[in-house]
Amino acid sequence: MKVKGKFVYEQLDKLFQEAQTIELSNSDKWVIFSDLHMGEGGSSDDFKTNEDLFTSALEKYYLKNNFGLILNGDVEELQRAKFTKIHSYWKSVIELFKKFDKSGKLIKTIGNHDLELAFNQDLDNPLPTSEAVKLRYEENDIFIFHGHQASKKYQQHNQLVGFTLKYFANPLGIKNYSVSHSSRKQYKIEKIAYHYSAYKKIISIIGHTHRPLFESLHKMERLKFKIEELCRVYATKKSDKEGIKDQIKRLKKEAKSYMKLNGETSYNDSVYNSLFHIPCLFNSGTVIGKRGITCLEIENGHISLIHWFDKNISKKYLKHSEYQPMQLEDSDYYKMTINKDHLDYIFTRVNLLS
Ligand SMILES: [Mn+2]
């Protein structure tokens, strides 16, 4: 472990040691969402956009299929809104969370935007709240925390950020200003969480940056890996070569438009300065994404990165046949699996490579 920034690693280790452990068996199912940023329902309430998609997925898919629900921080936007107002405006959503809690299947962690839950005893909080949890899978740990704890600076200045948002940004209807918009800060936090997890030989699941990660890879890196993999398949395959060629073409197009949209930074700086690539860091993304919601599922000893979308907004996803979108009952909502892997295989690599 590097000496530089030692304090942050100690902070993470304390969080890890103090986190409650929950056993995870192959029959357990969990879904992890983060960064809902629920406000008071006004024009600057980021949660409004995907609210129906989110609650439909929860009610008609996850609750129905006996998933446990993990809300990994920044659920209530307490830096810009009042707790009581959030809970009265989004009453039906809170009631839905309670349904998971009733069967002992709700875990809710604290993020930097709802830090007030940790120290304000006057709040009438109906939901169980913790700072972090560990899922214990066989001999291995999956460490779940929001992610701001990997930044010493962010925690120190958090009160000030809240002050600025409440008194300046919100009356003007300015949308969420946070770490999620600064890629340099994103990389720093991810890098610290990555090195900590590799050193401890654990998997960490964070949110906070609003950027999904699967096996420590960003979308751009995942697309590049997938394209290279398909090239290998193409070279050895005797039949259906055209299908693979089409798939490569689509992925190339997706990578190009992603780069155009996100600029150079989206694929630079993505190597974590370690000899081997360790698949130890995951990020659920966000519930308030422009093109839908991302989340992570743990089911039957597998972990998956999932994308939920509304076909009226993201029609093009229906054409991407390699992801095989699944319709949610008779709604306009669809679910796609972006990546999926065995926990056993991931932990084997984490344990042997780091
Ligand atoms: Mn956050």
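No lab work stands behind these numbers, since they all come straight from the coordinates. None of these values were measured; they are calculated from a predicted model. Reconstructed Cβ throughout: ideal geometry from the backbone, glycine too, with neighbour counts over all protein chains shown.
A few remarks follow.
- The modelled label-to-label distance between N125 and V233, using points 7 Å beyond Cα along the C-beta direction, is 4.5 nm.
- Exposed-site-free run, longest, the chain (rule: trypsin sites (Lys or Arg not before Pro); DSSP loop; at most 11 other C-beta within 10 Å): 65-237
- Table column - 3J(HN,Hα) (Hz), the range 276-293, Karplus curve with 6.51, -1.76, 1.60, x for Gly and Pro: 10, 7, 9, x, 9, 10, 10, 9, 6, x, 7, 7, 9, x, 5, 9, x, 10
- Estimated 222 nm signal from helices in the chain, with DSSP H stretches of n ≥ 4 weighted -39500 (n - 2.57), rounded to 500: -10500 deg cm²/dmol
- Exposure here means at most 14 other Cβ atoms within 10 Å; with GluC sites (Glu not before Pro) in a DSSP loop as sites, the longest stretch of the chain lacking them is 140-328.
- On the basis of the beta-carbon distance and an R0 of 22 Å, N66 and Y323 show a calculated FRET efficiency of 0.35.
- Efficiency of FRET from Cβ geometry, I22 and T84, R₀ 35 Å, rounded to 0.05: 0.70
- Mean-position separation - Cα centroids, the range 1-56 and the range 85-110, in angstrom: 15
- Gyration tensor (alpha-carbon) shape descriptor, the range 221-269, a/c threshold 1.5: oblate
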